[in-house]
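A.B. asks: Take a look at this one; I'll ask things after.
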Amino acid sequence: MAQLQTKYGYFSDDGREYVITRADTPMPWINVLTNGDYGLVLSQAGSGYSWRAHASLNRLTRWDQDLIRDNWGKYLYLRDADTGAFWSPTWQPCGASLEGYRVRHGMGYSVIDGQHDGIRSTLTVFVPQDAPCEIWLLRLENTGERARSLQIISYFEWLLGAAPDWHREFHRTFITTEYDDRWGALLATKVLWDLPVESKTHWNRSWPYVGFHSASLMPDGFDSDKRDFLGRHGDLHRPQAVVEGRAICRVGRWGDPIGSLQVAVTLAPGEAREIAFTLGMADDREQAGAVITRFRALDEVHAALGSTRAFWQEIAGRLTVETPDPAVNVLANGWLQVQAIAGRLMGRTAYYQTGGAYGYRDQLQDSLIWLLLGLPERTLDQIKLHAAHQYQDGVVLHWWHPLAETGLRSEYSDDLLWLPFVLLHYLRETDDFSALDEVVPFYDGGEATLREHCLRSFEMALSRFSPRGLPLILKADWNDGLNAVGAEGRGESVWMAHFLHYLLNAWVDLGLADDRTATRFRQEAERLRAAVNEHAWDGAWYWRATTDAGDLVGSRHSPEGKIFLNAQTWAVLGGTAPDDRAHQALASAREHLFSDYGPLLLAPAYTTPNPAIGYLSRYAPGTRENGGVYCHAACWAVLAERQMNGAQAAYALWRSFCPPARASVDPDRYSGEPYVMPGNVAGPLAPSPGQAGWTWYTGSAAWFLRALVDGVLGITAHREGLRVQGGLPDGWDQFRVRRWFRGARYTITVRRAGPGEPPGCRVNGAAWSGEFLPVAAPGEEPEVLITL
């Protein structure tokens, strides 16, 4: 049964697939497939790119970020050997004539179906869990009444290293292609790797991997040069090799390197056959040969596909949410988890931002997803990874490149504080205080416990205040686009004051500080609270920042950008605002920032670049941070709404920027994938308000799930246990959540009491009156019923 159907597609009955029913979606609708080492991005048109370990520094295949044409990728052609007619089993490069075109993006795989001229094709694309490769499993069925002889021809362009290789005529001279008769495989190597590491000489390092491409059938021919395949002035719609059904079979170091294999199959009427193509990046020839040999066997291919699907199904099933709202259910039962884990933690890449690096604050926050899934050890691994990219003085790398292990020393005021923020959440979830004593190295030498790493973050943050006691913003805070506000070292950040106030108190509340440190942190927090309320209250809301020149940002006196969301929501979440101001600040946010498609980050948008603000003001008005909905910050607004105004207010705000809810109303206006979060939504000054922006690669995925569980549903983790704040949105009779907590799996049902039924809480049938649910032993499955 189709769920949330639009003219472009629908969610499957179980919500685990999104079925695209036409290829001309408003923008590319993609899937990110990865095992954490190797990965690929695939659009509904069949386009995309592949990488290993780092999507920008170690790209396997060429791709151009042209989201209008979306015509770069790795493709298959089908050619009738008798008639010469040809087509592709995907929309690109020549599949417009396909009938019954369907793309099923699943969790860990994608399936593309179509039919042309009596041949039904099904292409399944996935990444095995234990191999550095991708597999294209092609099933062909002859639905006609005559035997068919078909040629299957693959095509892609080798890149082999840092992307984009903008100077192709330079880079291609370092690539060598060869054909191995033993394996029937194309291999590619490169003797140059533009890796950003310190070196005495430039361009003097070899790419240390081996690219490989093979098929389960031995090829009849191959090509490795773009001119040989396309022909002079040729294109992918009618490549010469496909038109003529021939292969030159030339390899070497002097062409424009591509990969193309040709295999032949004959199908009797009603017959179906499967052929598997493998593309990957091996550590060496020995590993390449092992992977090629393994996946020439179709039973190995199917076993690998089963393992991949099982892995992601297990991930998706670790948190289950049942509500009366299908838009909630389809996102919360797998898609947000897949987006945060595959797109952000493992792949760190997508169509709008090809990325590949780690952001210090970014992937730390993303790792909070593991806590909701009952896999806190994964969060701890991320905490330790980021702690190892901190300097001894407490400053951290704003971002760094895996493989190169180089990055940018942060001049952002907030980066270093996300380490204690995420560690606090880990400790509340696990009560594992032994983690504080784990020893982790510093980036510049030496080592210390995680507790000491966090204390150094605090010490550095507490050393960076203005004369009137507000935190300096430096080159920016969480909002990177405010990069000119404090570039000279005098600008202030009110959001940082809220954030630091929250962290200082939370650190002490959890019992993590000795008496002397606890006293100091309380005093510093109180000074911050006093400074914020003395200087930063603007009459109806908190202003956002001051520039180096002392001008206010986010004030009623500002010509543009008069109110900023984070300065209001974190006044609530951080506990800096007195109760009356907290209510007023959030009321001002609702009046000036909340829209039908989510809460704007600021309003009104900047229409003229302001050199004292930074690049935020240079975005087109209504775009991204400049007066659009920035979904990461919007999630914090949901949490603030729950804290101040209850479940209904939180749910209404959450749903206002929920992708399947927005797309089901007007998929063309929304334009983005209905199954994943966008990073941003266009604001009122944009030509199409409510249009989704950069999807997949966004920190809003993990936060949107937490905003739902913690904010809308009111289930929060504490050292004492889980706490359920009773509340149901209007129109809901009940909801049910299955959530792991310290090795036990809780089933929590919240419903309205029936006639004559008293409200209350029961745990395993027995009445319970505590503020926190009892902590069950690992392996237990407590049943919790709360009636309202």
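A.B. asks: Val763: free of Cβ contacts under 8 Å to residues at least 60 places away in the same chain and among the aliphatic types (A, V, I, L, M), yes or no?
C.D. replies: For Val763, the condition - free of Cβ contacts under 8 Å to residues at least 60 places away in the same chain and among the aliphatic types (A, V, I, L, M) - is met.
A.B. asks: Where residues in region 57-86 are more than 29 Å from Trp335 (Cα to Cα) and either in contact with a Leu (Cβ under 6 Å, 6 or more places away or on another chain) or not aromatic (Phe, Trp, Tyr) (or both), which of them is surrounded by the most Cβ atoms within 10 Å (Cβ to Cβ)?
C.D. replies: Leu78
A.B. asks: Quick check on region 588-599. Is at least one of its residues open to solvent by 50 Å² or more (accessible area, probe 1.4 Å) and either in contact with a strand residue (DSSP E or B) (Cβ under 7 Å, 6 or more places away or on another chain) or farther than 30 Å from Thr323 by Cβ (or both)?
C.D. replies: For region 588-599, residues open to solvent by 50 Å² or more (accessible area, probe 1.4 Å) and either in contact with a strand residue (DSSP E or B) (Cβ under 7 Å, 6 or more places away or on another chain) or farther than 30 Å from Thr323 by Cβ (or both): present.
A.B. asks: To continue, here is another question. Under 7 Å between Cβ atoms, which residue pairs at least 6 apart in sequence (or on different chains) link something in region 617-630 that is more than 18 Å from Tyr670 (Cα to Cα) and touching a residue at least 40 places away in the same chain (Cβ under 8 Å) with a partner that is among the aromatic types (Phe, Trp, Tyr) and surrounded by fewer than 21 Cβ atoms within 10 Å (Cβ to Cβ)?
C.D. replies: Asn626/Tyr619
A.B. asks: Name the pairs: first residue in region 1-29 and modelled with pLDDT of 95 or more and among the acidic types (Asp, Glu), second residue open to solvent by 50 Å² or more (accessible area, probe 1.4 Å) and not in a strand (DSSP E or B), Cβ to Cβ under 7 Å, at least 6 apart or on different chains?
C.D. replies: Close Cβ pairs satisfying both conditions: Asp13/Met1.
A.B. asks: Here's a follow-up. Is it the case that Val251 is modelled with pLDDT of 95 or more and either under 15 Å from Glu157 (Cα atoms) or open to solvent by 60 Å² or more (accessible area, probe 1.4 Å) (or both)?
C.D. replies: Yes, satisfied.
A.B. asks: Residues of region 597-627 being in a strand (DSSP E or B), among the small types (Gly, Ala, Ser) and more than 18 Å from Thr546 (Cα to Cα), which ones?
C.D. replies: Gly598 - this is the single residue of region 597-627 that is in a strand (DSSP E or B), among the small types (Gly, Ala, Ser) and more than 18 Å from Thr546 (Cα to Cα).
A.B. asks: Here's something else I'd like to know. Go through the residues of region 1-23 one by one and say whether even a single one is buried (at least 23 other Cβ atoms within 10 Å of the Cβ), of a type in the set (Ser, Thr, Tyr) and farther than 26 Å from Trp158 by Cα.
C.D. replies: Within region 1-23, one or more residues are buried (at least 23 other Cβ atoms within 10 Å of the Cβ), of a type in the set (Ser, Thr, Tyr) and farther than 26 Å from Trp158 by Cα.
A.B. asks: Given (1) under 31 Å from the mean Cα position of the chain (by Cα); (2) open to solvent by less than 70 Å² (accessible area, probe 1.4 Å); (3) of a type outside the set (Lys, Arg); (4) more than 29 Å from Ile119 (Cβ to Cβ), identify the lone condition not met by Asp256.
C.D. replies: With (1) under 31 Å from the mean Cα position of the chain (by Cα); (2) open to solvent by less than 70 Å² (accessible area, probe 1.4 Å); (3) of a type outside the set (Lys, Arg); (4) more than 29 Å from Ile119 (Cβ to Cβ) applied to Asp256, the lone miss is (1).
A.B. asks: Return a yes/no flag: does region 629-647 have any residue that is under 21 Å from Tyr18 (Cα atoms), open to solvent by less than 10 Å² (accessible area, probe 1.4 Å) and outside any helix (DSSP H, G or I).
C.D. replies: no
A.B. asks: Then there's this: Can you tell me which residue among Asp548, Asp580 is open to solvent by 10 Å² or more (accessible area, probe 1.4 Å), closer than 19 Å to Gly646 by Cα and either assigned to a loop (DSSP other than H, G, I, E, B) or out of contact with any strand residue (DSSP E or B) (no Cβ under 8 Å at 6 or more places or on another chain) (or both)?
C.D. replies: The match here is Asp580.
A.B. asks: Counting only residues that are open to solvent by less than 50 Å² (accessible area, probe 1.4 Å), in a strand (DSSP E or B) and of a type in the set (A, V, I, L, M, F, W, C), how many does region 701-756 have?
C.D. replies: Number of matching residues: 10.
Yes/no matrix, rows are residues, columns are (1) free of Cβ contacts under 8 Å to residues at least 40 places away in the same chain; (2) touching a Lys or Arg at 6+ places or on another chain (Cβ under 6 Å); (3) part of a loop (DSSP other than H, G, I, E, B); (4) surrounded by fewer than 23 Cβ atoms within 10 Å (Cβ to Cβ):
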| residue | (1), (2), (3), (4) |
| --- | --- |
| His453 | no, no, no, no |
| Glu459 | no, no, no, yes |
| Leu500 | no, no, no, no |
| Leu512 | no, no, yes, yes |
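A.B. asks: Between Asn479, Asn483, Asn505, which is under 26 Å from Gly679 (Cα atoms) and either part of a strand (DSSP E or B) or open to solvent by 20 Å² or more (accessible area, probe 1.4 Å) (or both)?
C.D. replies: The match here is Asn483.
A.B. asks: Need the failing condition index for His398 against (1) in contact with a strand residue (DSSP E or B) (Cβ under 7 Å, 6 or more places away or on another chain); (2) surrounded by fewer than 20 Cβ atoms within 10 Å (Cβ to Cβ), just the number.
C.D. replies: (2)
The values are calculated or read from the model by the stated rules, or taken from the named source; none is laboratory data. It should be emphasised that the depicted structure is a prediction, and the values quoted were computed from it without experimental measurement. We place every Cβ from the backbone using ideal geometry, glycine too, and count neighbours over all the protein chains shown. Side chains are part of the model used for accessible areas, which takes the heavy atoms of the whole protein and leaves out ligands, DNA and RNA. Shrake-Rupley method; radii C 1.70, N 1.55, O 1.52, S 1.80 Å.
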